[in-house]
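The values are calculated or read from the model by the stated rules, or taken from the named source; none is laboratory data. Every value quoted in this text rests on a predicted model; they were computed, and no experiment measured them. Cβ sites come from the backbone with ideal geometry, for glycine too, and all protein chains shown count toward neighbours.
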Amino acid sequence: MKIAIVKLSAMGDIIHAMVVLEYIKKNIPNIEIDWVVESAFAPILEDNPNITRILPVNLKALKRDKKKLFSQIKLIKEYSHKNYDCVIDAQGLIKSAITSSFLSKNTYGFSKHSIREKVASYLYKHKIDIPYNANTIDRNAKIISNALGFDISSEDILKKQPFLYYKEDASIKKYLTKDKKNIIFVVGSTWESRNYPQEKFVQIAHTLQANTLVVWGNEEEYQKAKYIETHTPYAKAMPKINLNTLKALISQSDLLIGNDTGPTHMAWGLNIPSITIFGPTPTSRVYITPINKVIKSNSIVNPYKLNKNDYSIRDINPNAIINLAKELL
């Protein structure tokens, strides 16, 4: 059997869908699994032994240059020559539904009541009902497993194996220490209202007195990392690193503390202890486990319409995070 999973972006969403791979292989050992993904996020999938082929696209480029539409269609049609038995759209967007329909006529996707971009459902041959406000990881597990004729339970997911793989990177050794616990801070995310204040990250690092490494992805996040570094002797801003090195670094850490964003969710995928800090987004995005915890502000979140102007994350007491970190360490 040969299938393609379409999950284009973003980093956290891809990670939350990847958990299904080991269960697909357990139920259908000889299956070939290809994964269609935005090229920028392809490194998240790399080196995973359960993926046969990673098929990168660059649909995001269409926002800047509409002329690239034809080259992307041509690329996707070339991928369709692999003759898939079925294609599963785990994204539920119009662009992912169109991509899926180019790859195969036998497509599975969310019903119109299960996604925001309801038009996408009309492009699927088979439609699966899953509440839009259900846990994000459970939604990914159900859309993919149901299409393939088996179930993945919450108990299965809680027993998952680490599913993010990487090439060994000796460069991270100079940043880690055996004398103290190694903590990773993830200080950025897509919206400013999802970011915990840098001053409070300083307080956490200064109180825990661990070897704290602050990772970043753009100039704004770098400035926050440098601020934290200059305001406590227990934190260091990491240099710019790629996704492979980030996976390797997190895998060697004792704890990750970060905003609701992709690099934070890497810790869950690697079975590393973590604390995810939530403000305007729902905690139903993640699984809470004995080692993966959440801290949520007091604001009420409507999963159907997120409020980007909800800055309640700033009100979370750093002592709550510090106490939880001490428990996990």
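Could you say whether any residue in the range 295-309 is under 19 Å from the mean Cα position of the chain (by Cα), surrounded by 14 or more Cβ atoms within 10 Å (Cβ to Cβ) and on the phi > 0 side of the Ramachandran plot? Step through it out loud before you land on a result.
At the first step, the residues of the range 295-309 found to be under 19 Å from the mean Cα position of the chain (by Cα) are 295-296, 303, 306.
Add one more test, that the residue is surrounded by 14 or more Cβ atoms within 10 Å (Cβ to Cβ), and what stays is 295-296, 303, 306.
So of that shortlist, the ones also on the phi > 0 side of the Ramachandran plot come out as none.
No, because not a single residue in the range 295-309 is under 19 Å from the mean Cα position of the chain (by Cα), surrounded by 14 or more Cβ atoms within 10 Å (Cβ to Cβ) and on the phi > 0 side of the Ramachandran plot.
What number goes with the only condition from (1) surrounded by fewer than 19 Cβ atoms within 10 Å (Cβ to Cβ); (2) closer than 24 Å to Ala134 by Cα; (3) of a type outside the set (S, T, N, Q) that Ala267 does not pass? Every condition holds for Ala267 apart from (1).
Looking across the range 74-114, the residues that are out of contact with any strand residue (DSSP E or B) (no Cβ under 8 Å at 6 or more places or on another chain) and surrounded by 14 or more Cβ atoms within 10 Å (Cβ to Cβ) come down to Ser80, Leu93, Ile94, Lys95, Ile98, Phe102. For the range 62-92, the set of residues classified as of a type in the set (A, V, I, L, M), touching a residue at least 24 places away in the same chain (Cβ under 8 Å) and touching a Lys or Arg at 6+ places or on another chain (Cβ under 8 Å) consists of Ala90 only. Here Pro49 passes the criteria (1) within 28 Å of Lys26 (Cβ to Cβ); (2) under 25 Å from the mean Cα position of the chain (by Cα); (3) surrounded by 15 or more Cβ atoms within 10 Å (Cβ to Cβ) except the one numbered (3).
Residues of the range 15-40 that are of a type in the set (A, V, I, L, M, F, W, C), touching a residue at least 40 places away in the same chain (Cβ under 8 Å) and either in contact with a Cys (Cβ under 9 Å, 6 or more places away or on another chain) or surrounded by 18 or more Cβ atoms within 10 Å (Cβ to Cβ) (or both): Ile15, Ala17, Met18, Val19, Val20, Leu21, Ile24, Val36. Candidates in the range 118-152 are the residues that are outside any helix (DSSP H, G or I) and of a type in the set (A, V, I, L, M); of these, the one that is nearest to Gln72 (Cα to Cα) is Ile128. Would you call Tyr132 buried (at least 16 other Cβ atoms within 10 Å of the Cβ) and in contact (Cβ under 8 Å) with a residue 12 or more places away in the chain? Spelling it out, it is not the case that Tyr132 is buried (at least 16 other Cβ atoms within 10 Å of the Cβ) and in contact (Cβ under 8 Å) with a residue 12 or more places away in the chain. Of the helices (runs of 4 or more DSSP H) that lie entirely inside the range 26-117, those containing 1 or more residues that are among the charged types (D, E, K, R) and modelled with pLDDT of 95 or more span 69-80, 94-103.
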